[in-house]
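> What follows is a structure written as structure tokens; I'll ask about it next.
The values are calculated or read from the model by the stated rules, or taken from the named source; none is laboratory data. Keep in mind that what you see is a predicted model, and the values were worked out from it rather than measured. Here Cβ is always computed from backbone atoms with ideal geometry, including for glycine, and neighbour counts include all displayed protein chains.
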Amino acid sequence: MVKGLQSIAFRESPYLVSSASVAGKKEGEGPLGKMFDMVEQEDLFGENTWEEAESTMQKEACLLAMGKAHVEPKDVRYLFGGDLLRQGVATSMGVEELGIPMFGLFGACSTSGEALALASMSVAAGYGEYMLAVTSSHFGSAEKEFRFPLGYANQRPLSAQWTVTGSGAFLVGTKRSHVRITGVTVGKIVDYGLKDSQNMGACMAPAACDTIIRNLEDFDRTADDYNRIVTGDLGYVGQSILFDLMRGKGYDIKKNHMDCGMTIFDQLSQDTHAGGSGCGCAATTLSAYILPKLNRGEWKRILFVPTGALMSTVSYNEGSSVPGIAHGIVLEHC
């Protein structure tokens with residue numbers, strides 16, 4: 001099952017059995033609005049705080065994903081979940097009621113890839129029939145933790161991205177479906193020394209480049225072997241940098257590249273500057289937009305590469321650079 005330097009090719013590929021997406025009001029007004037399973041018109045989701053709202057999104061996404069497959073929480077062996085907040089509080093409080101043994105993860109906006117990788121590896125290894133992967137982010141909670149409280153009404157530079165209010169959950173298992181996870185490329189930390197937290201696309205693009213090239217080399221493939229190479233949330237700035245980095249290493253992915261941060265919002269009408277970001281960005285786009293295309297056979301094989309900027313409020317305030325990481329998940333129609 002070991003493939004190349006950083007990848008795994010499953011002998012018996014686990015299935016992506018079902019998925020669900022929960023989104024906020026702004027996301028519901030975007031290009032994918034009608035594709036989400038649930039769109040809440042009030043971003044507090046009936047709760048008192050942004051953090052509680054994010055927990056509610058995670059719980060709803062998990063219940064929807066399991067419900068689609070007619071699977072009960074007791075049937076799920078392990079849950080892999082994460083978010084952007086300190087100590088993963090949105091996840092721990094969100095999935096508490098489900099009573100599923102949990103691994104709390106942090107990979108910044110790449111967490112959906114990390115969760116899917118670990119869930120698929122666990123199923124393939126025979127550790128359980130079903131695993132659940134879930135991530136979330138919330139504009140209000142992320143802004144409060146990493147930047148400024150919303151009431152401050154600060155101005156954002158054009159390179160900044162809009163944290164997606166949303167959660168995506170994925171049930172991975174042995175039950176047959178039309179999508180299989182056939183391989184994983186685990187990314188490594190790549191740090192070009194950038195320190196601008198308001199330009200995360202630039203911080204994450206080198207890691208995306210590294211993981212994509214490693215996947216192509218480990219699996220002995222070209223970019224044309226994928227219908228789409230999908231990055232998580234590089235945005236318009238990060239995509240341009242990614243193309244330059246790839247061309248510098250002899251690769252051209254421009255014709256089949258897609259970025260979730262550029263897909264979830266409308267750049268002209270929604271004023272999100274460089275696009276969307278956050279753990280919920282790639283996860284909700286994968287569930288609502290990408291997986292249906294794979295299910296229908298419109299796309300036969302994609303490389304899903306969620307990207308993350310590994311910073312904290314402490315590291316940023318102390319002047320540290322913002323390292324990036326990206327994980328590659330190979331999804332195929334079957």
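> Residues in the range 76-97: is at least one closer than 30 Å to N215 by Cβ, among the polar types (S, T, N, Q), assigned to a strand (DSSP E or B) and outside the structural domain of G328 (by TED's automatic domain parsing)?
no
> If M38 passes every condition in (1) of a type outside the set (D, E); (2) touching a Leu at 6+ places or on another chain (Cβ under 8 Å); (3) crowded, with 24+ Cβ neighbours inside 10 Å; (4) farther than 30 Å from L216 by Cβ but one, which one does it miss?
(3)
> Okay, moving on. Which fully enclosed helices (runs of 4 or more DSSP H) of the range 227-334 have 3 or more residues being polar (S, T, N, Q) and in contact with a helix residue (DSSP H, G or I) (Cβ under 6 Å, 6 or more places away or on another chain)? Steps first, answer last, please.
Numbers: elements: 235-248, 260-263, 267-270, 279-285, 291-296, 313-317.
Answer list for the range 227-334: none.
> Answer yes if at least one residue in the range 323-334 is among the acidic types (D, E), within 18 Å of the chain's Cα centre (by Cα) and surrounded by 21 or more Cβ atoms within 10 Å (Cβ to Cβ), and no otherwise. Break it down stepwise before answering.
Here is the first cut: in the range 323-334, the residues among the acidic types (D, E) are 332.
Narrowing further to those that are within 18 Å of the chain's Cα centre (by Cα): 332.
From what is left, the residues that are surrounded by 21 or more Cβ atoms within 10 Å (Cβ to Cβ) are none.
No: the range 323-334 contains no residue that is among the acidic types (D, E), within 18 Å of the chain's Cα centre (by Cα) and surrounded by 21 or more Cβ atoms within 10 Å (Cβ to Cβ).
> Here is a further query. Which is assigned to a loop (DSSP other than H, G, I, E, B), in the same structural domain as K144 (by TED's automatic domain parsing) and within 30 Å of K175 (Cβ to Cβ), of V71, V22? Talk me through it step by step, then tell me what you get.
Details: V22 fails: assigned to a loop (DSSP other than H, G, I, E, B).
Going through V71, V22 in turn, just one is assigned to a loop (DSSP other than H, G, I, E, B), in the same structural domain as K144 (by TED's automatic domain parsing) and within 30 Å of K175 (Cβ to Cβ): V71.
> Right, next: What residue, among those in the range 101-119 that are surrounded by fewer than 21 Cβ atoms within 10 Å (Cβ to Cβ) and not in a strand (DSSP E or B), is modelled with the lowest pLDDT? Spell out how you get there, then give the answer.
Taking the range 101-119 first, the residues surrounded by fewer than 21 Cβ atoms within 10 Å (Cβ to Cβ) are 101-104, 106, 118.
Of the ones still in play, those that are also not in a strand (DSSP E or B) are 101, 106, 118.
Working: P101: 97, F106: 93, L118: 98.
Ranking the qualifying residues of the range 101-119, first place goes to F106.
> Using beta carbons and a limit of 9 Å, which pairs, at least six apart or on different chains, have the first residue in the range 41-55 and polar (S, T, N, Q) and the second one in a helix (DSSP H, G or I) and surrounded by 21 or more Cβ atoms within 10 Å (Cβ to Cβ)?
Going by the 9 Å Cβ cut-off, the qualifying pairs are T49/S141; S55/A90; S55/T91; S55/G94.
> Give me the pairs: first residue in the range 298-322 and of a type in the set (F, W, Y), second residue in a strand (DSSP E or B) and buried (at least 23 other Cβ atoms within 10 Å of the Cβ), beta-carbon distance under 7 Å, and six or more apart or on different chains, which are they?
Here the result reads F304/V230; F304/I329; F304/L331, each pair linking the range 298-322 to a residue that is in a strand (DSSP E or B) and buried (at least 23 other Cβ atoms within 10 Å of the Cβ).
> Also, quick follow-up: Considering only residues that are part of a strand (DSSP E or B), within 20 Å of A69 (Cα to Cα) and out of contact with any Leu (no Cβ under 9 Å at 6 or more places or on another chain), which ones fall in the range 161-207?
We begin by selecting, within the range 161-207, every residue part of a strand (DSSP E or B); these are 162-163, 166-173, 179-185, 190.
After this cut, where a residue has to be within 20 Å of A69 (Cα to Cα) as well, the list is 167-173, 179-181.
Passing the criteria: only S167.
> Please pick out the residue among R221, R156 that is at negative phi, surrounded by fewer than 18 Cβ atoms within 10 Å (Cβ to Cβ), assigned to a loop (DSSP other than H, G, I, E, B) and not assigned by TED's automatic domain parsing to the domain that holds M311.
Numbers: R221 fails: not assigned by TED's automatic domain parsing to the domain that holds M311.
Residue meeting the stated conditions: R156.
> Could you please let me know if D266 is of a type outside the set (G, A, S), out of contact with any strand residue (DSSP E or B) (no Cβ under 6 Å at 6 or more places or on another chain) and closer than 28 Å to D83 by Cβ?
Values: of a type outside the set (G, A, S): yes; out of contact with any strand residue (DSSP E or B) (no Cβ under 6 Å at 6 or more places or on another chain): yes; closer than 28 Å to D83 by Cβ: yes.
Here the answer is yes, as D266 does meet what is asked.
> Also: Could you run through the range 120-152 and say how many residues are at pLDDT 90 or above and outside any loop (DSSP other than H, G, I, E, B)?
Within the range 120-152, the subset at pLDDT 90 or above is 120-138.
From what's left, outside any loop (DSSP other than H, G, I, E, B): 120-124, 130-137.
Of the residues in that region, 13 qualify.
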